[in-house]
1. When only Cα pairs under 8 Å and 6 or more residues apart are kept, what is the percent relative contact order across region 237-278?
2. To the nearest 500 deg cm²/dmol, what mean residue ellipticity at 222 nm is calculated for the chain from DSSP H runs of n ≥ 4 alone, each contributing -39,500 (n - 2.57), summed and divided by the residues?
3. Label point 7 Å out from residue 140 along Cα-to-Cβ: which residues of region 108-125 have amide N under 20 Å?
4. With an 8 Å cut-off on Cα pairs and a minimum separation of 6 or more residues, tell me the relative contact order of region 38-122 in percent.
5. How much of the DSSP bridge set in region 31-124 is antiparallel, in percent, rounded to the nearest 5?
6. State whether region 148-272 is rounded, prolate or oblate according to the following rule on the C-alpha gyration tensor (a ≥ b ≥ c being the square roots of its eigenvalues): a/c under 1.5 gives rounded; otherwise a/b larger than b/c gives prolate, and the remaining case gives oblate.
7. Compute the FRET efficiency between residue 199 and residue 35 as 1/(1 + (r/R0)^6), taking r as their Cβ-Cβ distance and R0 = 45 Å, and round to the nearest 0.05.
8. Using only the alpha-carbon atoms, what does the chain span along each of its principal axes? Please give whole angstrom values in decreasing order.
Amino acid sequence: MNINDTDRTPGGAILMDGNKVRDELIVDIAKRVAADGSPKICLATVLVGDDKPSQVYVRSKQRKAAEAGLESRHIGLDGASSQTQVQDAVQELVDDPAVHGILVQLPLPDGLDPEPVLDLIPPIKDVDGLTERSMGRLVRNKPGHAPCTPTGIMRLLERYDIATSGSRAVVIGRSTLVGLPQVLLLGRKGVDATVTLAHSRTADLVEVCAGADIIVAAAGTAGLIGAEHVKPGAAVFDVGISRTEDGIVGDVRFDEVQAVAGAITPMPGGTGPMTIACLMENTYNAARMLA
Ligand code: NAD
């Protein structure tokens, strides 16, 4: 990376710009698709019901897919759909060789169980990396897809030349969507961080975090991480999204942490855009694996 083209916060920390790195990654995927002879690569999205934020997420994924040279297909199902109807729709996509990646937008409306729906998706088409088989492949280091948010953080670490080998990392949050896969990705051979997993029952989070070179805050607790948690020069990634009276805020108190950290993601504009970029990369990789 050319460090000179990097923005810094008022306190001097590198601003890990998720929008910029997402755009770079999308352009790169588009180039890879073109170099492959522009095969048709299709990301299918499934949305049940008319939840407005979910509609916005799905639309932005479709927009970014087009920019990456991918096609998208959308299946919108009525909120009153039965479990069988949802599963039949997903099964059709599973069976369709023209579909490479399947994304079921969660949460599903009340009364629908996401587990049997996700279980239908084979690991190669599970571009969200959400199913238990995908998690198993991640643990066993077999071909498949890791969840997009922790993968996006790995891309930011690479893009901003943040050393991981021998570093100490703390991941806050133990969900299967973010925290657990993040622990696995940071601790992988070749990445080689020594990782601590913190959660809601962790005693003395300040002490746990204060020795960390890398902090990934994925608790969904507004303003959880302050300057007192952060070692000077540490890289801090904010994943949490909380809707408050002041608008959307992250887990990290940006203003105070940027004065101590060596690198920090903004919220918004940090880990969120990277999540979408990695969904496109997983879809591209799925098509390569299925070819
Ligand atoms: P989750 O609710 O499943 O998990 C939260 C985890 O945080 C739990 O393991 C819990 O033990 C831990 N936790 C909660 N409060 C804590 C505290 N005070 N101290 C320490 N640990 C605490 O949530 P999730 O699905 O992993 O999502 C986490 C947050 O990330 C949410 O705000 C979500 O909206 C956001 N999110 C952001 C992106 C993105 O792209 N930026 C993607 C997915 C999720």
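What follows draws every value from the coordinates through simple rules; no lab data is involved. On a predicted model such as this, the values are computed, not experimentally measured, just so you know. Glycine gets a Cβ as well: all are built from the backbone with ideal geometry, and neighbour counts include every protein chain shown.
1. Rounded, it is 41 percent for region 237-278.
2. -12000 deg cm²/dmol
3. The answer is 118-125.
4. Rounded, it is 42 percent for region 38-122.
5. In region 31-124, DSSP labels about 0 percent of beta bridges as antiparallel.
6. The shape class here is rounded.
7. The formula returns an efficiency of 0.55 here.
8. 52, 45, 38
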